[in-house]
Amino acid sequence: MSAILIVAVILGAISGAVAGFFQKFTKSSFWGITALLTLLFQMAIGAAVKKTSGGFGIAVLVTTVVVLFAFNGVALILQKLLIKVVESRKRISHYKNVDVIEENEALILNAVDTGDKREYKNQLKKAKKIKDSAGVWGIVDGVIGAVNGCFNVLMGLGAAILALLLFVDLSQISLLTSIFAKSLGSGSWTGLGTKLAFDLPLICVLSMTVRIGYKSGISSVFSFVVIIGMLVGCGIGSYSIASSSMCAGAVEGLKNGMLSALTAVLGDTATVIARFIIAGIIFLLSLIFVILVGICLPKITSKFRENKIFCAVDGVLGAVVLTLVLLVIIMVFGGIAYTLNDLAFMEKFNTYAAYSNIGDCMYSHNIMNGAFQSLPLRGWFGSGSEPVNPTPEVPVNPTPEVPTEPIITPEETPVEAAIRALAA
């Protein structure tokens, strides 16, 4: 299996480089290289900064996101500069080819007038070969695109492979464990792999989120949130209407009609099923309005993005908002998982989290951990809820009773004193 993974990585790198060369850097996404640079920075500060119980987690997360945005900003500026140079060279090439283009158009028109089909086809082929060339800068654009495409594929494959091996090791599914036993026991996994098992996939997802948020913009995110809110509202409203007295007759008729066979078996549950069916019909009807909003709203917001300044601000805000939403989701998941950190089945998860920098910030150093301590999760795992290191009960050693000598008062004899002590 290790050989298959290596071959997949090599073929992926080659295909990414070839695709990137022809696509060009000016038309490519650069999330892979920014994710790699952020990962290297994160590893450097993770080795230099000592973990504390205070604001360490949120400080590392904020620093990582800021660095990721900075690398994306630098890459975007370089891409814009290269686009300007390439377009300038293409315009110069176009001006040089004006005479050739005009001559070719004249020959095409002449072939049409004379009805010479062969000449017409030949001139059309020549017209397709006349292209605006960026010259050396076009080659530079392709080479940078090849390197960028290679990193995109390598980072994506690396994140997928690490996530797969992490799942196999945590799940302990016998079939998968036997297949990947050699990979999990290799030095590359036990050394560097365990340290990057959380960090690399998380940083790749964050990098892609920044890119998607910038390309879509806050206006598209707003449209998405509005549509999702409308869907949720329609769902809740549909069931509320189906449960009201307005639809009581329809529910009863459906229960005694189509669901009559289930009523004898399910009892009151048949009423709930009938309400869900009525709610589903109402929801489908309300989808017509949601679809119309989903078609019109993105078109309205897209018109504003035609302005370059608005497009830039809209893209930055979109990237910030989408990244913050993703961070909150991951931190909520980490906070919920941390409530189970001392259970037996979480032992390996704790080990991987301790090796990770970002993963640890979203787990043991998560500022949201205290918000989930009251959740009744531990009782859902039955016999698997024993602590990893249960505190042994220390037997209490009772203080041995020390026999006391009877105190003899001057008024009594030793025999009387002994009798008094025994009586006490």
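The values are calculated or read from the model by the stated rules, or taken from the named source; none is laboratory data. Quantities reported herein were computed from a predicted structural model and do not represent experimental measurements. Here Cβ is always computed from backbone atoms with ideal geometry, including for glycine, and neighbour counts include all displayed protein chains. For accessibility, only protein heavy atoms count, side chains too; no ligands or nucleic acids. Shrake-Rupley method; radii C 1.70, N 1.55, O 1.52, S 1.80 Å.
Only one residue of Cys234, Phe224, Cys247 has its Cα farthest out toward the positive end of the dipole of the stretch 130-254, where Lys and Arg carry +1 and Asp and Glu -1 on Cβ, and that residue is Phe224. Taking every protein chain into account, the accessible area of the stretch 121-180 amounts to 56 square angstrom per residue (probe 1.4 Å). Could you work out what % of the accessible surface of the stretch 162-213 is carbon and sulfur, using a 1.4 angstrom probe and leaving DNA, RNA and ligands out of the count? Reported share for carbon and sulfur atoms: 74 percent.
Taken over the Cα atoms of the stretch 21-152, the convex hull encloses 117 Å³ per residue.
The value of relative contact order for the stretch 1-149, using C-alpha pairs under 8 Å at least six residues apart, is 51 percent.
Using r as the Cβ-Cβ distance of Lys129 and Ile83, and R0 as 25 Å, what FRET efficiency do you calculate, to the nearest 0.05? That pair, Lys129 with Ile83, gives E of 0.55.
Surface exposure of the stretch 315-365, expressed per residue as accessible area with a 1.4 Å probe, stands at 41 Å². Using a cut-off of 27 Å between Cα atoms, the listed pairs Lys80/Lys125; Lys90/Lys126; Lys27/Lys121; Lys126/Lys215; Lys125/Lys215; Lys96/Lys308 include Lys80/Lys125; Lys27/Lys121; Lys126/Lys215; Lys125/Lys215; Lys96/Lys308 as exceeding that distance. The slack in the chain from Ala248 to Val100, taken as 0.36 nm per residue of separation less the alpha-carbon distance, amounts to 45.4 nm. Peptides 7-17, 171-181, 334-344 ranked from most to least packed, by the mean per-residue count of other Cβ atoms within 10 Å: 334-344, 7-17, 171-181.
Rolling a 1.4 Å probe across the protein heavy atoms gives the stretch 184-224 an accessible surface of 41 Å² per residue.
Note on Ile336 and Asn110: the model spin-label points, each 7 Å out from Cα along the C-beta direction, lie 7.5 nm apart.
Between Leu343 and Val388, the built amide H atoms are under 5 Å apart, and every one of these is 5 or more places off in sequence or on another chain. Please state the shape class of the stretch 177-245: rounded when a/c is under 1.5, otherwise prolate if a/b exceeds b/c and oblate if not, all from the C-alpha gyration tensor. Here the stretch 177-245 falls in the oblate category. For the stretch 158-273, the relative contact order comes to 18 percent (Cα pairs under 8 Å, sequence separation of at least 6).
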